[in-house]
1. Output yes when any residue across the stretch B:32-43 is free of Cβ contacts under 8 Å to residues at least 60 places away in the same chain, closer than 30 Å to residue A:97 by Cβ and buried (at least 19 other Cβ atoms within 10 Å of the Cβ), and no when none is.
2. Between residues in the stretch B:183-205 that are of a type in the set (D, E, K, R) and residues that are surrounded by 20 or more Cβ atoms within 10 Å (Cβ to Cβ), which pairs lie under 6 Å by C-beta distance while being six or more apart or on different chains?
3. Would it be correct to say that residue A:136 is out of contact with any helix residue (DSSP H, G or I) (no Cβ under 9 Å at 6 or more places or on another chain), at pLDDT 85 or above and surrounded by 15 or more Cβ atoms within 10 Å (Cβ to Cβ)?
4. Can you tell me which residue is nearest to the other protein chains (Cβ to nearest Cβ) among those in the stretch B:192-219 that are of a type in the set (A, V, I, L, M, F, W, C) and in contact with a Leu (Cβ under 7 Å, 6 or more places away or on another chain)?
5. Name every residue in the stretch A:30-59 that is part of a helix (DSSP H, G or I), without any contact (Cβ under 8 Å) to a residue 60 or more places away in the chain, more than 7 Å from chain B (Cβ to nearest Cβ) and surrounded by 21 or more Cβ atoms within 10 Å (Cβ to Cβ), in order of residue number.
6. Could you count how many residues in the stretch B:82-127 are touching a helix residue (DSSP H, G or I) at 6+ places or on another chain (Cβ under 9 Å), within 14 Å of another protein chain (Cβ to nearest Cβ) and part of a helix (DSSP H, G or I)?
7. Going through A:145, A:133, A:69 one at a time, which residue ends up being within 14 Å of another protein chain (Cβ to nearest Cβ) and acidic (Asp, Glu)?
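The values are calculated or read from the model by the stated rules, or taken from the named source; none is laboratory data. Note that the structure is a prediction, hence the values are computed from the model and not measured. Reconstructed Cβ throughout: ideal geometry from the backbone, glycine too, with neighbour counts over all protein chains shown.
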Amino acid sequence: MFENAPCALLSLDARGYIVRTNRALTAWTGYAPETIAGKRFLELLSVSGRIFHETHFVPLLRMHGSADEIALDLVRADGTHLPVLVNAVEERDGAGELCSIRVAIFKATERRRYERELVAAQSEARMLQGQLEIANVALERKLGEERDLGRLREEFIAVLGHDLRNPLASTRSGARLLAREVSSERATVILTHMEASTVRMSALIDNVLDFARGRLGGGITLDLAASQPLEPVLRQVVDELRYGTGREILTDFALTEPVACDHQRIAQLVSNLLGNALTHGAEDQPISMTARTDSGVLSISVANGGTPISPSAMEHLFQPFFRGGIQPSKQGLGLGLHIASEIAKAHRGTLVAQSSSSETRFTFSMPLTDIGAEEHDG
Amino acid sequence: MLFAHGFGCDQNMWRFVAPAFQSDFRTVLFDHVGSGRSDLSAYEPAKYASLRGYADDLVEIGRELGLRDAVFVGHSVSCMIGVLAAIKAPDLFSQLVLVCPSPRYIDDVGYRGGFTAADIDELLVSLADNYMGWSAAMAPAIMGNPEHPELGQELTESFCRTDPEIARAFARATFTSDNRADLPKVSARTLILQCLDDVIAPQEVGEYVHRAIAGSELVILDATGHCPNLSAPRQVVAAMRPFVDNLA
């Protein structure tokens, strides 16, 4: 069995010298049996195998009494390498002294190839992972840059809007002062239009500023005032627009209960709704506005006649910069309805649009209960 | 008495030697960072790219323990690590025991280290190319050793197990080192233990170290291979005994 075993077998003395070997080893290595006898086992190994033998194999064998599946390379007589797996076991006498070491060697060419492929696949996977990480970092940086740029633009809009306010206020008071002095009817009409335009411009700037603030994380903040009546505030908005545009605006107010809301914000909401009706409604039909408190709810609605809003446009009505399929002459920034709906949300209310061939109506509703208290309740 | 293990395994290499000195000395054993059961998170590739990083650790251990005029016992590559530490901090060790030392493994003009540059290249390539054979697949099935019942299983569990990348870096630091110029700077009393038929540190390398360190003693052990601390521990102890007793 020893001589003809299908694996290489060696018997070593306590110092690692080969005492006996079998046919498989001489056949695999090409060494004559008499050349092998008397060699140290490690002399059959490659250089790295010899170092491994001394730094790992021998210590393992000594520590555990045996060592299994050690991967080594035999060097054949012709200098070529043969990958093998080695099992070894120590034999000791009754006194615990090492007598001999038995070694079994198995060919491992295929296994080594498989292992090399595994290692190659592993290193390729590592490399790909590295590339992916680099690409991710680049993408993150790019995203960050885009975010910064977007933020810069919004900051720019906020500053610009703010800076436009003062010269606009000067223009408006200038127009007012002049209106008292001029006597020609034509000049009066022009100055009236000029003032109305500044009112509209001021409302647009407010919308832009609110939008930029919202994007910058400030959101719409409320300054609640329940003790002051709301009606005079609304009337002033209507008067200004009516006066400036010369259009007919019918009003129906029934505000019988105090409303805890931000008056300037509600005025802005109404101004935006009226502005929208004036821009898009039929010029020959009046705009009608109602404001009432009923059953614990404040509702304000603005209606106009003219071409109805298409169902597809209806879906995006309250999105910022939405301008529908309207004529270029009527284009605005598309912020009015968006800001109005944001103001409604800030008041825990809703803004709803209905549109048919007879009229287009926007209705704002909010609860009359104290917003602050509700917020406190969560 | 501080024991330092070499490339490949861990402090268990001293299992049969260190106990012999326990009654006369306070013995200290440790695993180099990256070996045995050391804290792998402490491994810094840049620091351990050369033996100096390991020597710095040795000095740190000595300082932490407050060692003065201690005995350093190093095996294989740790001999040069100990030499570097002894030069850096001469007060730490008054005696060095170098088991199978080599200041340079690669042959040079007028020097025979035992390996050609191509041999070491082959070694490093084989580590890189087939590290499964060197470490992962190399981890043996843990089994009881009836011949050595005193070896607790948990103690030998990590024996010869190394992270492949670290094994490769340690091999590079070891086998490409050249510390010949450091040897004459050693002032501690030095004992060199040399084996017969050591392919890693051949006899003429041991003789070179003996000549380079003034006043050193060289003892040739009747043992083969590179690990007399495992294969011939009694001889190692016997050779060390008169040397260290001389001190007391």
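1. No: the stretch B:32-43 contains no residue that is free of Cβ contacts under 8 Å to residues at least 60 places away in the same chain, closer than 30 Å to residue A:97 by Cβ and buried (at least 19 other Cβ atoms within 10 Å of the Cβ).
2. Pairs that qualify, where the first residue is of a type in the set (D, E, K, R) and the partner is surrounded by 20 or more Cβ atoms within 10 Å (Cβ to Cβ), are B:189/B:95; B:197/B:224; B:198/B:100; B:198/B:226.
3. No; evaluated as a whole, the condition is false for this residue.
4. Of all residues in the stretch B:192-219, those of a type in the set (A, V, I, L, M, F, W, C) come to B:192-193, B:195-196, B:199-201, B:205, B:209, B:212-214, B:218-219.
Within this subset, residues satisfying the condition of being in contact with a Leu (Cβ under 7 Å, 6 or more places away or on another chain) are B:192-193, B:195, B:199, B:209, B:212-213, B:219.
On the way: B:192: 18, B:193: 15, B:195: 10, B:199: 5, B:209: 18, B:212: 23, B:213: 24, B:219: 18 Å.
Here the residue is B:199.
5. Start the filter on the stretch A:30-59 by keeping residues that are part of a helix (DSSP H, G or I), which leaves A:33-36, A:41-44, A:47-59.
From what's left, without any contact (Cβ under 8 Å) to a residue 60 or more places away in the chain: A:33-36, A:42-44, A:47-59.
Going one step further and asking which of them are more than 7 Å from chain B (Cβ to nearest Cβ), we end up with A:33-36, A:43-44, A:49, A:53, A:57.
Passing the criteria: A:44, A:49, A:53, A:57.
6. Of the residues in that region, 9 qualify.
7. It is A:69.
So that you can scan it fast, the table gives a plain yes or no per residue for (1) among the β-branched types (Val, Ile, Thr); (2) at pLDDT 85 or above; (3) more than 60 Å from the chain's Cα centre (by Cα):
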| site | (1), (2), (3) |
| --- | --- |
| A:9 | no, yes, yes |
| A:15 | no, yes, yes |
| A:26 | yes, yes, yes |
| A:35 | yes, yes, yes |
| A:44 | no, yes, yes |
| A:48 | no, yes, no |
| A:53 | no, yes, no |
| A:73 | no, yes, no |
